[in-house]
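Please read the structure below before turning to the comments.
The values are calculated or read from the model by the stated rules, or taken from the named source; none is laboratory data. None of these values were measured; they are calculated from a predicted model. Cβ sites come from the backbone with ideal geometry, for glycine too, and all protein chains shown count toward neighbours.
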Amino acid sequence: MHVQEWLETVPAVSIYALVGLVIGLESLGIPLPGEIILVSAALLASQHGDINPVVLGACAVAGAIVGDSIGYAIGRKGGRPLLAWLGAKFPRHFSEGHIATAEKSFEKWGMWAVFFGRFVALLRIFAGPLAGVLRMPYWKFLTANVLGGILWAGGTTAVIYYVGVVAESWLKRFSWLGLVLALLIGLTSMLVLKRKAKKVSAEREAERSTADPVPATD
């Protein structure tokens, strides 16, 4: 049973809550498949009239904004020790290289890293906590967080829902294609970030090697 088939057995109110909760936890900094859940729920809404796509989109947007804001508050309070703790708990997602790559993005793009990070699977997890750790002004973070949350969560819901309605004759096949596409996008994003993370780690290691004094010889 894949995600959409499982969602068909869940009441509409529970689906709204589930989508908001999963996306909120992912935005907070916990690695969860928020995008897959959202795509599956939007496809389901296009098939079942008891699921309101507007309410679904609103729950997704709310989860994204609230989750990111909580992540920001936790990151601001926890600071660097929080990143070290996350690295120990989730080494695949919060490795030193990944954090270094995300920091470079924040230094280069500022608040836009939060906005565009919403569309990249791994950066969605980093954005809130890292913005707090780096003490980005909250008004900048909130602006990028709200705009990114609305465009990503609301836009994804609308696009998948209307495509599902228009393509009703091949909807079952599309449900699989939609899930595969979401997985491919997430996997590609992670591979790109891992490659960048390795590059940054290598650069930092090289900098440390050149910075270390050469021991004197007799």
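Values for this structure:
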| read-out | value |
| --- | --- |
| Residue that is of a type in the set (Val, Ile, Thr), modelled with pLDDT of 80 or more and either at negative phi or assigned to a helix (DSSP H, G or I) (or both), where the choices are Thr143, Thr210, Thr188 | Thr143 |
| Members of the stretch 119-135 that are surrounded by fewer than 23 Cβ atoms within 10 Å (Cβ to Cβ) and without any contact (Cβ under 8 Å) to a residue 60 or more places away in the chain | Phe119, Leu134, Arg135 |
| Where a residue in the stretch 14-37 is over 22 Å from Tyr72 (Cβ atoms) and its partner, wherever it lies, is part of a helix (DSSP H, G or I) and among the small types (Gly, Ala, Ser), with Cβ under 7 Å and at least six apart | Ile15/Ala41; Ile36/Ala182 |
| Hits in the stretch 1-16 - residues which are modelled with pLDDT of 85 or more, hydrophobic (A, V, I, L, M, F, W, C) and surrounded by fewer than 21 Cβ atoms within 10 Å (Cβ to Cβ) | Val13 |
| Only listed residue being part of a helix (DSSP H, G or I), of a type in the set (A, V, I, L, M), closer than 18 Å to Pro33 by Cα and modelled with pLDDT of 80 or more, chosen from Ala127, Ala131 | Ala127 |
| Among residues of the stretch 17-40, those that are surrounded by 24 or more Cβ atoms within 10 Å (Cβ to Cβ) and outside any helix (DSSP H, G or I), counted | 1 |
| Number of positions in the stretch 154-169 that are modelled with pLDDT under 85 and farther than 10 Å from Ala42 by Cβ | 5 |
